[in-house]
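Data block below; observations after.
The values are calculated or read from the model by the stated rules, or taken from the named source; none is laboratory data. Since the structure is predicted, the reported quantities are computational estimates derived from the model, not experimental observations. Here the Cβ positions follow ideal geometry from the backbone for every residue, glycine too, while neighbour counts run over all protein chains shown. Protein only, heavy atoms only, side chains kept; ligands, DNA and RNA dropped before computing areas. Shrake-Rupley method; radii C 1.70, N 1.55, O 1.52, S 1.80 Å.
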Amino acid sequence: MAPVAIAPATAADLDAIAALELLGNRHPWPRSVFEGELARAHAHLDVGRAADSHVVAFCNWWCVAGEVQIHAITAHPALRRAGIGTQLLAHMLDAGGAAGARTATLEVRRTNAPAIALYTRAGFRSVHVRARYYADNDEDALIMMRDLA
Ligand SMILES: CC(C)(COP(=O)(O)OP(=O)(O)OC[C@H]1O[C@@H](n2cnc3c(N)ncnc32)[C@H](O)[C@@H]1OP(=O)(O)O)[C@@H](O)C(=O)NCCC(=O)NCCS
């Protein structure tokens, strides 16, 4: 698949983001979370558009205190294993690094094998476990981190 075009989301993208979140995530966040991120000064909510301009992916990240904090990354289920996740991840790390961040961190469910594989391949390592962190199923959270060269 051709690379997606990544750009900051606007309010007009919120329905598409919420729909993608419902479709693509086993534990979806409500639309209000993304609406809040649009209004938060240090938050980034970016969409990936296919050639026909449809939103097929998004990512949500913060750049604070010299750190890129990755909060969400989702690709349309029908378009997975085509490099979109890798592209969005590189976008967050590059943009955060350009803004002065020196490290990147994220939190991921221990059973989320696709995401852990994506992050590991991009150089992230698990540095901490938050035992039974997720209240909905008592699942552990892995904290993963990498330096930004
Ligand atoms: C995680 C996610 C964003 C990956 O997106 P993607 O576009 O499929 O990722 P890519 O195509 O760039 O994959 C890059 C590499 O990650 C690894 N990977 C991705 N999905 C994988 C899977 N299902 N099984 C094993 N490895 C996988 C592979 O190493 C892959 O490279 P390869 O295809 O050459 O083997 C996607 O699965 C998704 O949207 N998941 C639901 C939302 C989610 O859980 N987000 C993470 C929250 S912490």
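Test GLY96 against the stated conditions and say whether it is at pLDDT below 95, buried (at least 17 other Cβ atoms within 10 Å of the Cβ) and either in contact with a strand residue (DSSP E or B) (Cβ under 9 Å, 6 or more places away or on another chain) or of a type in the set (Gly, Ala, Ser) (or both).
No: the conditions fail for GLY96.
Is it the case that some residue within the range 3-15 is within 15 Å of the chain's Cα centre (by Cα), hydrophobic (A, V, I, L, M, F, W, C) and within 24 Å of ALA141 (Cβ to Cβ)?
The answer is no, given that none of the residues of the range 3-15 is within 15 Å of the chain's Cα centre (by Cα), hydrophobic (A, V, I, L, M, F, W, C) and within 24 Å of ALA141 (Cβ to Cβ).
Are there any pairs, at least 6 apart or on different chains, whose C-beta atoms fall under 7 Å, with the first in the range 110-134 and in a helix (DSSP H, G or I) and the second of a type in the set (Gly, Ala, Ser), and if so, which?
If the second residue must be of a type in the set (Gly, Ala, Ser), the pairs left are LEU118/GLY85.
For the range 138-149, give me the residue count where each residue is open to solvent by 70 Å² or more (accessible area, probe 1.4 Å) and within 12 Å of ARG109 (Cβ to Cβ).
Here the count works out to 1.
Among what's in the range 100-117 and is surrounded by 14 or more Cβ atoms within 10 Å (Cβ to Cβ) and among the basic types (Lys, Arg), pick the residue that is farthest from the ligand (Cβ to nearest atom).
For the range 100-117, the residue satisfying everything is ARG110.
Can you tell me which of (1) assigned to a helix (DSSP H, G or I); (2) hydrophobic (A, V, I, L, M, F, W, C); (3) away from the ligand (no atom under 14 Å from the Cβ) is the one ALA90 doesn't meet?
With respect to (1) assigned to a helix (DSSP H, G or I); (2) hydrophobic (A, V, I, L, M, F, W, C); (3) away from the ligand (no atom under 14 Å from the Cβ), ALA90 is out only on (3).
Tally up the residues in the range 3-60 that are in a helix (DSSP H, G or I) and out of contact with any strand residue (DSSP E or B) (no Cβ under 7 Å at 6 or more places or on another chain), please.
Selection size over the range 3-60: 14.
What single numbered condition from (1) under 25 Å from MET1 (Cβ atoms); (2) among the β-branched types (Val, Ile, Thr); (3) surrounded by 15 or more Cβ atoms within 10 Å (Cβ to Cβ) fails to hold for THR120?
All conditions are met except number (3).
Quick one: in the range 81-93, of everything that is out of contact with any helix residue (DSSP H, G or I) (no Cβ under 9 Å at 6 or more places or on another chain) and open to solvent by 30 Å² or more (accessible area, probe 1.4 Å), which residue is nearest to GLY123 (Cα to Cα)?
Across the range 81-93, the extreme among qualifying residues is ALA90.
Report yes if some residue within the range 70-80 is open to solvent by less than 30 Å² (accessible area, probe 1.4 Å) and either farther than 18 Å from ALA7 by Cα or among the basic types (Lys, Arg) (or both); otherwise report no.
No, the range 70-80 contains no residue that is open to solvent by less than 30 Å² (accessible area, probe 1.4 Å) and either farther than 18 Å from ALA7 by Cα or among the basic types (Lys, Arg) (or both).
Looking at the range 17-50, which of its residues are among the charged types (D, E, K, R) and either open to solvent by less than 50 Å² (accessible area, probe 1.4 Å) or within 13 Å of the ligand (Cβ to nearest atom) (or both)?
The answer is GLU21, ARG26, GLU37, ASP46.
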